[in-house]
Each structure stands twice: as structure tokens, then as C-alpha cells.
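Colleague: Below is the structure I would like to discuss, written out as C-alpha cells.
Bear in mind these aren't lab numbers, they're just calculated from the coordinates by the rules spelled out. Just so we're clear, the structure is a prediction, and the values are computed from it rather than from any experiment. A quick note on method: Cβ atoms are made from the backbone with ideal geometry, for glycine too, and the neighbour counts reach across all protein chains shown.
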Amino acid sequence: MSLCQTTIKNYKKFGVVLIKNIISKKWIETLAKGIEKNFKNPSQYKCVYEELNGKEVFYDDYCNWQKISEYKDFIFNSNIAKVASELMQSKKVNLFHEHVLIKEPGSTKRTPWHQDQPYYCVDGKDNCSLWIPLDKIIKEICPEFVKFSHTWNKQYLPTKFFGHSYEKKDDGLENVPDISANVENYDIASWDLMPGDLIAFNFSIIHGAPGNLSPNRRRAFSVRFVGDDATFAKRKGEVSPPFPEVKLNHGDKMNSPSFPEIKI
């Protein structure tokens with residue numbers, strides 16, 4: 001499962017890259033079982049962003065890998081961490097967390113343009129989110145990424161997906177630019193996807209996603225890794241996920257049972 005040099009270079013250059021047909025059917029089926037188990041018994045972090053006719057149509061959950069064996073099996077035994085290592089060009093790979101997002105058919109709510117890193121308790125440029133679809137996804141409902149925005153050297157104010165900022169926030173951060181009103185000014189990437197594909201992106205890239213007006217579910221399993229230069233960050237504002245159990249100091253290496261190192 002070694003990546004070509006062009007893929008690695010494009011990841012560094014653009015902040016996002018599509019990798020086709022890299023995850024086997026076996027692992028997609030494993031993740032699907034895990035997701036079913038997850039939402040039959042969600043964690044305290046499950047959030048519903050949209051309902052339609054009394055049914056949840058946009059919802060998520062995260063930080064369940066320790067209780068859902070299918071997630072843990074995939075993260076530690078599928079070589080997915082090796083993909084992250086090659087993209088980050090990092091010798092050390094620590095799991096940050098996993099995140100499952102589902103948009104059912106009929107969801108109209110847009111995932112707002114945002115940048116992940118200010119939400120996270122981690123600093124550094126060696127990081128990677130791997131967004132893995134479990135369903136066929138047409139370009140019109142695929143997440144969208146502002147290429148090169150990871151190089152702007154800015155951190156933007158986190159907002160909840162409901163559209164408002166956190167109560168505890170860092171007033172020194174500016175709002176994300178209004179990408180939707182000025183799309184002609186940005187190089188925006190999105191794709192048609194099949195199960196087995198993945199989108200890899202840097203924590204600092206600006207991205208968002210349309211609603212789901214297709215007839216298919218839009219299930220996605222995201223797994224996030226950090227590398228050699230990653231350190232624990234204490235933010236002025238609220239962080240998500242919160243990791244209340246982690247007792248690291250600002251600037252510490254990400255060495256914690258919550259962020260296990262994965263041997264490549």
C-alpha cells in the first residue's frame with residue numbers, strides 16, 4: 001500500500017488529495033458494521049444537526065475507537081496509518097481520533113466552511129485526515145476543499161455546525177472567509193467517489209460540504225493522525241473533541257493513551 005511520489009507531492013502542495021481504490025471491500029464492510037454498532041449505542045458526543053419528518057438526517061459521533069472493535073481493527077491492522085505516514089512524510093504516527101459523519105438522503109443542511117486545526121488540541125504541520133466514504137458519492141454532494149488554503153498560515157475561528165460560534169472562543173481569531181459568495185476567487189476541489197476511495201487532507205485546509213440531495217446515504221468514516229512535529233495545544237477557546245482525560249501540557253509531544261502511537 002505504498003503511495004506514488006506524485007500523490008505525496010500533491011498532498012503537500014494542495015493540502016488535499018484523492019486516492020482511488022486504496023481500501024479493500026473487507027475493510028469497508030468492517031467499518032460499515034462498526035458504524036451500525038456506533039449509532040445503536042452512540043457516545044455522549046453524538047450530535048444531530050438536522051431532522052426531517054422526525055428522522056435524523058445529518059448527525060455525527062467521534063472518539064469511539066476504544067469501544068468499537070471494528071474501528072480499532074481498521075485503525076491498527078489495515079495499514080491505514082502507513083498511508084498517513086507516507087503523506088505526512090513522518091516516521092512517527094499517532095492516532096488523533098476517528099469521526100463518523102452521516103448525511104441521509106434529503107439532508108439539505110450544508111456543512112459550513114471551516115478549518116479543523118483551531119478546533120483541535122494539536123499544533124504542527126505533520127497531520128492528516130483520511131475521509132473514507134462507505135457509499136457511492138457524486139461530486140455534487142462531496143466535501144469541497146479550498147486548495148492551498150493550508151499554506152495561508154492563518155487559524156480561523158471555530159464555529160459549531162449549527163452555524164454559531166462556541167461560547168468560549170478565542171476572540172483573536174478571524175472568521176472564515178465567505179467562500180460561497182466568492183467561489184470564483186478560489187480553487188475548490190471535489191470528486192465523484194466510490195467505496196474504497198479516500199480523500200486525504202491537512203488539518204489547516206478550509207473545507208465544507210453540501211447537503212445530500214442524492215438517493216444514497218452519505219456515510220463517511222474519518223480517521224485523523226498526527227506526525228513528527230505534532231504537539232499538544234491548549235487553546236484559548238473550546239476544543240472539539242474535548243479529551244477531558246488528557247493531562248498533557250501545552251507543547252508536549254502527543255504521547256498519551258488517548259493518542260496511541262501506531263507502529264508502521
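Colleague: If you check every pair at least six apart or on different chains, which have Cβ atoms under 9 Å apart with a residue in segment 1-20 that is more than 19 Å from Ser204 (Cα to Cα) first and a residue that is acidic (Asp, Glu) and part of a helix (DSSP H, G or I) second?
Modeller: Met1/Glu86; Ser2/Glu86; Leu3/Glu86
Colleague: Also: Any residue at all in segment 176-198 that is within 20 Å of Tyr62 (Cβ to Cβ) and β-branched (Val, Ile, Thr)? Lay out the reasoning, then the answer.
Modeller: So in segment 176-198, the residues within 20 Å of Tyr62 (Cβ to Cβ) come out as 198.
Adding the requirement that they be β-branched (Val, Ile, Thr) leaves none.
Checked against the condition, which is being within 20 Å of Tyr62 (Cβ to Cβ) and β-branched (Val, Ile, Thr), segment 176-198 yields no hits at all.
Colleague: Enumerate the pairs (first residue in segment 174-199 and free of Cβ contacts under 8 Å to residues at least 60 places away in the same chain and over 19 Å from Ile141 (Cα atoms); second residue anywhere and outside any strand (DSSP E or B) and of a type in the set (Lys, Arg)) with beta-carbon separation below 9 Å, excluding pairs fewer than 6 apart on the same chain, so at least 6 apart or on different chains.
Modeller: Glu174/Lys154
Colleague: Going by the structure shown, is Lys147 within 27 Å of Asn10 (Cα to Cα) and not hydroxyl-bearing (Ser, Thr, Tyr)? Quick ask: steps written out before the conclusion?
Modeller: Values: within 27 Å of Asn10 (Cα to Cα): yes; not hydroxyl-bearing (Ser, Thr, Tyr): yes.
Here the answer is yes, as Lys147 does meet what is asked.
Every residue, every condition in (1) crowded, with 20+ Cβ neighbours inside 10 Å; (2) within 27 Å of Gly106 (Cβ to Cβ); (3) in contact with a Lys or Arg (Cβ under 6 Å, 6 or more places away or on another chain); (4) β-branched (Val, Ile, Thr), yes or no:
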{"position": "Asp192", "(1), (2), (3), (4)": "no, yes, yes, no"}
{"position": "Ser204", "(1), (2), (3), (4)": "yes, no, no, no"}
{"position": "Gly251", "(1), (2), (3), (4)": "no, no, no, no"}
{"position": "Pro260", "(1), (2), (3), (4)": "no, no, no, no"}
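Colleague: Tell me which residues, restricted to segment 104-128, are closer than 18 Å to Ile205 by Cβ, over 13 Å from the mean Cα position of the chain (by Cα) and of a type in the set (Asp, Glu).
Modeller: Once the filter is applied, which keeps residues that are closer than 18 Å to Ile205 by Cβ, over 13 Å from the mean Cα position of the chain (by Cα) and of a type in the set (Asp, Glu), segment 104-128 yields Asp123, Asp126.
Colleague: Still on this structure: Report, by residue number, each residue of segment 227-260 that is farther than 24 Å from Ile102 by Cα, within 20 Å of the chain's Cα centre (by Cα) and among the aliphatic types (A, V, I, L, M).
Modeller: Ala230, Ala233, Met254
Colleague: Is there any pair with a first residue in segment 32-61 that is free of Cβ contacts under 8 Å to residues at least 40 places away in the same chain and a second that is among the acidic types (Asp, Glu) and part of a helix (DSSP H, G or I) whose Cβ atoms are under 8 Å apart and which are 6 or more apart or on different chains, and what are they?
Modeller: Lys33/Glu70; Lys37/Glu70
Colleague: Which ones in segment 1-28 are more than 13 Å from Leu130 (Cβ to Cβ), under 18 Å from the mean Cα position of the chain (by Cα) and not in a helix (DSSP H, G or I)?
Modeller: Gly15, Lys20
Colleague: Follow-up question, since we're still on this one. Considering only segment 229-249, state which residues are under 29 Å from Gly34 (Cβ atoms) and either in contact with a Phe, Trp or Tyr (Cβ under 7 Å, 6 or more places away or on another chain) or surrounded by fewer than 18 Cβ atoms within 10 Å (Cβ to Cβ) (or both). Even if it seems obvious, please write down each step before you answer.
Modeller: Step one: of segment 229-249, the residues under 29 Å from Gly34 (Cβ atoms) are 230, 232-233, 238-248.
Matches in segment 229-249: Glu238, Val239, Ser240, Pro241, Pro242, Pro244, Glu245, Val246, Lys247, Leu248.
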